[in-house]
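Before any comments, here is the structure.
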Amino acid sequence: MNSEQFLQIENILFTTAMILYLASMVLYVIFFVMKKEAAAKIAGYAAGIGFVLHTAALIARGIGAGRLPMTNQYEFATSFAWGICLFYLIFLWRYKFRLLGTFVMPVIFIIIGYAAMQDKGVRELMPALRSNWLAIHVSSAIISYGAFGVSFAVSLIFLIREKMKENSFWDDHIPSGERLDLISYRAVSLGFLFLTFVMITGAIWAERAWGSYWSWDPKETWSLITWIIYAIYLHLRVSRGWKNKNAAIFAVIGFICVIFTYIGVNTFLPGIHSYA
C-alpha cells in the first residue's frame, strides 16, 4: 500500500474511534444519571475498543506520513486524547473505578473532536522538527498530559462527592475521599515527573535548533507556569500536608493550565511553537 492509502485507513480508524468514544461518554452519563450497571460495562468496552482503533490510527498515520505523528495541531491533539485514554484504562484496571469514565470520556471526546477540526494534511517537516528529540520530547508531553487529565477527572469527582448525599450507589462506585485523593496524587506525581522531563528535553532541543535554551516563547512560558502550579501542589502536600479539597482544586487548576498551554496559546499567543 502507498502512503495515501495508509492515510485513508487512518481517517477511517480515527473516525470510528471517535464514534466509540462518544458512545462510551453517553453510556457513562447514563450510568451516572440512571444508575445502570450494564451501561458502565458496555462503556468500558467501547472505550477499550476505541483505544485500540485509535492506536491503529496513529500507527497508520505514522506509516502514511513517513514519520512520527506528533508534529502539528491535529497529530498532537489526537495523541493527547490517546494519552488520556491510555491512563484512564490503566487506572480503570488498577482501581476498578468505573465512575471515572463519566468524567474522563468527555475530556477525551472534546480533545479528539478538536483534533477532527484541524487540518489533517501531511506536510514536509520544518527544519527545527527534524530531530531525534522530537520523539522524546513530545512522547513525554503526551504521557504527562494524559496523567494530568486523569488527575483532573478524579479531583472533579472528589469535589462533587462532597456535595452528594450518601447512598448505596455512590458508596459502591465512588471510592472514599482519602482514596480519591491518593489516586489524584499518584497521577499528578507521574505527570509532574514527565512534565519536568518535557521541559528539560525541550530546552536541550531548543538550544540545538535555535541556539538558545530558553526564549520565553508563550508556550515555554505557560509550560513553566503549569510546572510551577503542580510543583506548588506537590510541595504543599509534602511540607504542609495539603490533601483533599485544597489538593483537588489545585489539580483542577493545573489541568486548566495544561489545556490553555496547548489550545489557548496556539490560538491566542502564537510563537515559535505554533505548529503544535
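The values are calculated or read from the model by the stated rules, or taken from the named source; none is laboratory data. Owing to the predicted nature of the structure, the values given are computational and were not obtained by experimental measurement. Note: ideal-geometry Cβ built from the backbone for every residue, glycine included; neighbour counts use all protein chains shown.
As a summary of the residue check, residue 219 satisfies the conditions (1) in a helix (DSSP H, G or I); (2) more than 25 Å from residue 111 (Cα to Cα); (3) at pLDDT below 90 except for the one numbered (2). Taken over the stretch 222-255, the residue count meeting the criterion of being free of Cβ contacts under 8 Å to residues at least 12 places away in the same chain and outside any loop (DSSP other than H, G, I, E, B) is 6.
For every residue, the table says whether it meets (1) surrounded by fewer than 14 Cβ atoms within 10 Å (Cβ to Cβ); (2) outside the structural domain of residue 91 (by TED's automatic domain parsing); (3) touching a Pro at 6+ places or on another chain (Cβ under 7 Å); (4) under 30 Å from residue 73 (Cα atoms).
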residue: 168; (1), (2), (3), (4): yes, yes, no, no
residue: 182; (1), (2), (3), (4): no, yes, no, no
residue: 190; (1), (2), (3), (4): no, yes, no, yes
residue: 217; (1), (2), (3), (4): no, yes, no, yes
residue: 221; (1), (2), (3), (4): no, yes, no, yes
residue: 245; (1), (2), (3), (4): no, yes, no, no
residue: 249; (1), (2), (3), (4): no, yes, no, yes
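Taking residues in the stretch 201-220 that are without any contact (Cβ under 8 Å) to a residue 24 or more places away in the chain and closer than 13 Å to residue 134 by Cα, and partners anywhere that are in a helix (DSSP H, G or I) and among the polar types (S, T, N, Q), not one pair has Cβ atoms closer than 6 Å while being at least 6 places apart or on different chains.
For the stretch 169-198, enumerate the residues that are charged (D, E, K, R) and within 25 Å of residue 223 (Cβ to Cβ).
Listed by number, the list holds a single entry, 186.
Yes or no, residue by residue, for (1) under 19 Å from residue 104 (Cα atoms); (2) surrounded by 23 or more Cβ atoms within 10 Å (Cβ to Cβ); (3) β-branched (Val, Ile, Thr); (4) touching a residue at least 12 places away in the same chain (Cβ under 8 Å):
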{"position": "139", "(1), (2), (3), (4)": "no, no, no, yes"}
{"position": "155", "(1), (2), (3), (4)": "yes, yes, no, yes"}
{"position": "163", "(1), (2), (3), (4)": "no, no, no, no"}
{"position": "194", "(1), (2), (3), (4)": "no, no, no, yes"}
